[in-house]
Amino acid sequence: MSGLEARGLALGHGGRTMLAGVDLRLASGEMVGILGPNGAGKTTLLRALAGLAPPMAGSLALDGTPFARIADRDRARAIAYLAQGAEVNWEMTARAVVALGRLPHRGHPKSRDDETAVAEALRQADVPHLADRSCATLSGGERARVLLARALAVRGRFLLADEPVAALDPLLQLRTMELLGSIARAGSGVAVVLHDLSLAARFCDRIVLLAGGRALADAPPAVALGDAPVAEAFGIDVIRHLHDGETFVIPRRPRAPPIARSSDDRPSP
Amino acid sequence: MSGASRTVPERLLVPALAVAALALTAASVGIGYAPLDLTAAITDAWAGRNTPEALVLLELRLPRAILGLLVGMSLGLAGAAMQGLLRNPLAEPGIVGISGAAALGAVLVFYFGTNLTQLTLPLGGIAGAALATIVLFALAGRGAGTTTLILAGVAINAFAGSATALALNLAPNPYAALEVVFWLMGSLADRSLAHVWLAAPLMAIGWLALLAAAPGLDALTLGEDTATSLGFRLSSLRLWVITGSALAVGTAVAVTGAIGFVGLVVPHLLRRLVGSRPGALLLPSAFGGGVMVLAADIAVRTSGIRPELKLGVVTSIVGAPFLFHLIWRLRRRMT
């Protein structure tokens, strides 16, 4: 059984259920979008797939081997994880940050490839010109691209990216989605958390739609982002626009009556 | 803090600092209150002759110089590692309470000890550091986060500080209290080779633990989730850094008393030269710490101020302005 697989995944935090029985299989060469409203469990699912959060119930396996039987370093070489936000605690250069992606490979025969991998990751993420700049002096978008390059430098067989386009302008959003797509076509399995329905519909092979910790749909975009599942997950109506064979899904208006949302998302009075 | 243009290759800086530390160790042997014919002393000591020259070298000069190097390296290395672990340039080895507890252990020996040998005092300090480490992990738990660790350290520091004050308060006579206060100020004077033999192995194990943590500290730069995704267990990383610091710094405090600011200032100064990658800062900070403590110890002996200034007082007086400077920089960056 090849691929990264979660079965019946359940996770909670502080008495609150974050995921309740989610199945997901990420195969090599495919790009899966993980979508859902705030608090749906997208980040929790991605963290679990990366081995960062041990599940309360269910199983996680890499190529059929349970996570518990895989050494941390082997898992780290196979699965690259790009965290949400852009945390860089020290004022390191972009190149030094990207090189951190090679840490799981230290002492490994291939470690001589480190410089090549770093240079290629910088190039893929379109940031070689920033290599010697301190991360403290970069804009939010530049920093996001450098951190994407850091994840690419791992050269994992799977790439899990949590909202990689959140801080980016429209051009860089498109470039990033194209890059992730090309990485999937080159043979890696890519899972990406997104909020943009159009980007998901256009670039992902499959969509896992989460709401309230459950998967409402796990299907190609045309099915998973259909009117009914989108209305159920997000409580919105969408406009669908077909252009050059690609579907653009644009949020139009909230459905009335407004759905009850989890207390975390309620604005403070 | 670290532009690429200012980054000195590690392979140049570490040897340079190591040579400087060894040169200052040699200089420290050459400096003292009693006039000493070094050549005669070394020849006599080598031949095993118990001449006054050989005794001054073996019992006074050499222990002081070697301990200066060892203590400085321990403080610098542990400071850099602790800053990396807590991801905060204001962290220093004492923040988790181990130094305070080591000082308390030694003070309790002062207080209750009746039949003191020269090693009873440092052994008390080491016991204090060991106990504090156990309490720290018991309080914070193995999976503790950074905040819990710091809070546990604050609690241990508060307890150790108040218990030390209590011991001073209840001191049988002013002279005993004064003796404790002077010891707490930190000094390399009047230590023997027995102190070196006691401290060196414990410190060396501590250094190895801290150096082994380097890749994990690098990964932690990008946050706990990313570090875990890169194959590091945070609980193990914390265990290595805190146990290593306890061994290195706990022993340092037990042998010499509290020598402040070295662990804070040295990594801060070197970060401008080596860049901010925490793992790359460890070895330079170790040798830098050795340089700072040895230079300060040479200064107290050559300054001409008598009675001799305590080493901890000098490092703090020199170190405090750097802390002001650091806070000033941080504030400017935030506004």
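The values are calculated or read from the model by the stated rules, or taken from the named source; none is laboratory data. As the structure is a prediction and not an experimental result, all values here were calculated from the model. Glycine gets a Cβ as well: all are built from the backbone with ideal geometry, and neighbour counts include every protein chain shown.
Observations on the model:
- Of all residues in the stretch A:122-157, those that are among the hydrophobic types (A, V, I, L, M, F, W, C), closer than 20 Å to A:Met177 by Cβ and within 13 Å of chain B (Cβ to nearest Cβ) total 8.
- Which numbered condition B:Pro122 misses (of (1) out of contact with any His (no Cβ under 8 Å at 6 or more places or on another chain); (2) closer than 17 Å to B:Ala199 by Cα; (3) not acidic (Asp, Glu)): (1)
- Of B:Leu136, B:Leu184, B:Leu131, all but one fail to be in contact (Cβ under 8 Å) with a residue 24 or more places away in the chain, hydrophobic (A, V, I, L, M, F, W, C) and under 19 Å from B:Val71 (Cβ atoms); the exception is B:Leu184.
- Screening A:Arg145, A:Arg214, A:Arg123, A:Arg155 for residues that are closer than 26 Å to A:Leu52 by Cβ and surrounded by fewer than 17 Cβ atoms within 10 Å (Cβ to Cβ) leaves exactly one candidate, A:Arg214.
- Selected residue [closer than 18 Å to B:Met292 by Cα and either surrounded by 15 or more Cβ atoms within 10 Å (Cβ to Cβ) or over 30 Å from the mean Cα position of the chain (by Cα) (or both)] from B:Leu17, B:Leu36: B:Leu17
- Residue count for the stretch B:160-195, restricted to those that are within 16 Å of B:Gln118 (Cβ to Cβ), out of contact with any Pro (no Cβ under 9 Å at 6 or more places or on another chain) and not charged (D, E, K, R): 3
- Scanning the stretch B:66-98 for residues that are within 14 Å of chain A (Cβ to nearest Cβ), surrounded by fewer than 24 Cβ atoms within 10 Å (Cβ to Cβ) and at pLDDT 95 or above yields no hits at all.
- Residues of the stretch A:41-59 satisfying the condition of being farther than 19 Å from B:Ala227 by Cβ and surrounded by fewer than 22 Cβ atoms within 10 Å (Cβ to Cβ): A:Pro55, A:Met56, A:Ala57, A:Gly58, A:Ser59
- The residue that is farthest from B:Gln83 (Cα to Cα), among those in the stretch B:135-180 that are surrounded by 16 or more Cβ atoms within 10 Å (Cβ to Cβ) and not hydrophobic (A, V, I, L, M, F, W, C), is B:Thr164.
- Residue in the stretch B:298-318 that is in contact (Cβ under 8 Å) with a residue 60 or more places away in the chain and either within 30 Å of A:Asp132 (Cα to Cα) or within 14 Å of another protein chain (Cβ to nearest Cβ) (or both) present: no
- Within the stretch B:1-36, the residues that satisfy the criterion of being more than 14 Å from chain A (Cβ to nearest Cβ), assigned to a loop (DSSP other than H, G, I, E, B) and modelled with pLDDT under 85 are B:Gly32, B:Tyr33, B:Ala34, B:Pro35, B:Leu36.
- Checked against (1) of a type in the set (Phe, Trp, Tyr); (2) under 25 Å from B:Ala176 (Cβ atoms); (3) out of contact with any helix residue (DSSP H, G or I) (no Cβ under 7 Å at 6 or more places or on another chain), B:Trp46 meets all criteria but (2).
- Scan of the stretch A:166-188 for residues that are buried (at least 16 other Cβ atoms within 10 Å of the Cβ) and among the charged types (D, E, K, R), ordered by number: A:Arg175
- Count - residues of the stretch A:225-269 that are farther than 23 Å from A:Arg206 by Cβ and either at pLDDT 95 or above or outside any loop (DSSP other than H, G, I, E, B) (or both): 7
- Looking at the stretch B:39-112, the helices (runs of 4 or more DSSP H) lying wholly inside it that each contain 2 or more residues that are among the aliphatic types (A, V, I, L, M) and within 20 Å of B:Val314 (Cα to Cα) sit at B:62-86.
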